[in-house]
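Below is one structure; the comments refer to it alone.
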Amino acid sequence: MKIHRQEISALFDLKGDPDALRQWAGRILPAFPDAPNRKSVSDRDSLYHIGRNHWILRAEIEREEPLSAALKPDAAPADISIVRISDTLTFFDVTGPDAAQIMAIACPLDLHPATFGDTAVTFTEVFGLKALLCRVADGFEFAVEQSFGNMVSDYLARATAD
């Protein structure tokens, strides 16, 4: 099993009617997920549908400035909201054959592939903290508030200790 604390990601919180968001930023965004609590992935970016008329755009940190320039958060129409939130979340990978066992300790959700499939994404709790959780190849990825990153690293180390 592998546990990895990731480098910071470029993140944008998007709110509003999907048609209005498509009209403003559709050429920049990956396709909108086809259902709530799902993600879509383009070759470079991911779009997480996390609530009614609510998404998170995620990209490599090197894309933060170009995305910000293209999305123009300060110039967005009044019926949509685009906010850069890159510094708010810390992401972790938990992958490998025992990833589901570690996540069963950390998270109250049923993460069986039949209920939490390949494109699943949702807010839940990890070690009692609000977390954004999604399935990735061979495991899971989750994000917690940046200020809790060191504490979660410690919890993960304890959960994997013999």
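ARG63: open to solvent by 50 Å² or more (accessible area, probe 1.4 Å), touching a Lys or Arg at 6+ places or on another chain (Cβ under 9 Å) and not small (Gly, Ala, Ser), yes or no?
No.
May I ask you to say which residue of ALA120, ALA137 is over 17 Å from ARG158 (Cβ atoms) and surrounded by 15 or more Cβ atoms within 10 Å (Cβ to Cβ)? Quick ask: steps written out before the conclusion?
Values: ALA137 fails: surrounded by 15 or more Cβ atoms within 10 Å (Cβ to Cβ).
Only one candidate qualifies: ALA120.
Just checking, how many residues over segment 151-162 are outside any loop (DSSP other than H, G, I, E, B), free of Cβ contacts under 8 Å to residues at least 40 places away in the same chain and either touching a helix residue (DSSP H, G or I) at 6+ places or on another chain (Cβ under 8 Å) or open to solvent by 70 Å² or more (accessible area, probe 1.4 Å) (or both)?
Residues meeting the conditions: 1.
Out of all the residues in segment 70-88, which are within 18 Å of ASP17 (Cβ to Cβ), more than 19 Å from the chain's Cα centre (by Cα) and hydrophobic (A, V, I, L, M, F, W, C)? Before you say what the answer is, go through the steps one by one.
Residues of segment 70-88 within 18 Å of ASP17 (Cβ to Cβ): 71-73, 75-83.
Restricting the remaining residues to those that are more than 19 Å from the chain's Cα centre (by Cα) gives 72-73, 75-80.
Listed by number, the residues that qualify are ALA75, ALA76, ALA78, ILE80.
Looking only at residues that are open to solvent by 40 Å² or more (accessible area, probe 1.4 Å) and touching a residue at least 60 places away in the same chain (Cβ under 8 Å) in segment 82-100, which one is farthest from MET1 (Cα to Cα)?
To start, the set of residues in segment 82-100 that are open to solvent by 40 Å² or more (accessible area, probe 1.4 Å) comprises 83-84, 87-88, 97-98, 100.
Then keep just the ones that are touching a residue at least 60 places away in the same chain (Cβ under 8 Å); that gives 83-84, 87-88, 97-98.
Values: VAL83: 35, ARG84: 33, ASP87: 28, THR88: 27, PRO97: 6, ASP98: 6 Å.
If we take residues in segment 82-100 being open to solvent by 40 Å² or more (accessible area, probe 1.4 Å) and touching a residue at least 60 places away in the same chain (Cβ under 8 Å), then VAL83 is farthest from MET1 (Cα to Cα).
Looking for something on the phi > 0 side of the Ramachandran plot and touching a Gly at 6+ places or on another chain (Cβ under 9 Å) - is there at least one such residue anywhere in segment 116-123?
no
Note down all Cβ pairs under 7 Å where the first residue falls in segment 139-150 and is closer than 8 Å to ASP93 by Cα, the second is of a type in the set (Val, Ile, Thr), and they're at least six residues apart or on different chains.
GLY139/VAL94; GLY139/THR95; PHE140/VAL94; PHE142/VAL126
Considering only residues that are β-branched (Val, Ile, Thr) and within 18 Å of SER9 (Cβ to Cβ), look in segment 89-118 and name the one that is farthest from the chain's Cα centre (by Cα).
THR95
Out of curiosity, is ASP19 free of Cβ contacts under 8 Å to residues at least 24 places away in the same chain and more than 19 Å from GLU141 (Cα to Cα)?
Details: free of Cβ contacts under 8 Å to residues at least 24 places away in the same chain: yes; more than 19 Å from GLU141 (Cα to Cα): yes.
Criteria met by ASP19.
If I go through segment 43-102 residue by residue, how many of them are among the hydroxyl-bearing types (Ser, Thr, Tyr) and under 17 Å from PHE140 (Cα atoms)?
Within segment 43-102, the subset among the hydroxyl-bearing types (Ser, Thr, Tyr) is 46, 48, 68, 81, 86, 88, 90, 95.
If we keep only those that are under 17 Å from PHE140 (Cα atoms) as well, we get 46, 48, 90, 95.
Number satisfying all stated conditions: 4.
Quick one: MET103 ticks every box in (1) open to solvent by less than 10 Å² (accessible area, probe 1.4 Å); (2) out of contact with any strand residue (DSSP E or B) (no Cβ under 8 Å at 6 or more places or on another chain) bar one, so which box is it?
Checking MET103 against (1) open to solvent by less than 10 Å² (accessible area, probe 1.4 Å); (2) out of contact with any strand residue (DSSP E or B) (no Cβ under 8 Å at 6 or more places or on another chain), the one that fails is (2).
Are there any pairs with C-beta distances below 6 angstrom linking a residue in segment 51-67 that is part of a strand (DSSP E or B) to a residue that is of a type in the set (S, T, N, Q) and surrounded by 13 or more Cβ atoms within 10 Å (Cβ to Cβ), with the two at least 6 apart or on different chains, and if so which?
These pairs meet every condition: ARG58/SER9; ARG58/SER46.
The values are calculated or read from the model by the stated rules, or taken from the named source; none is laboratory data. Fair warning: this is a prediction, and the values are worked out from it, not measured in the lab. We place every Cβ from the backbone using ideal geometry, glycine too, and count neighbours over all the protein chains shown. Side chains are part of the model used for accessible areas, which takes the heavy atoms of the whole protein and leaves out ligands, DNA and RNA. Shrake-Rupley method; radii C 1.70, N 1.55, O 1.52, S 1.80 Å.
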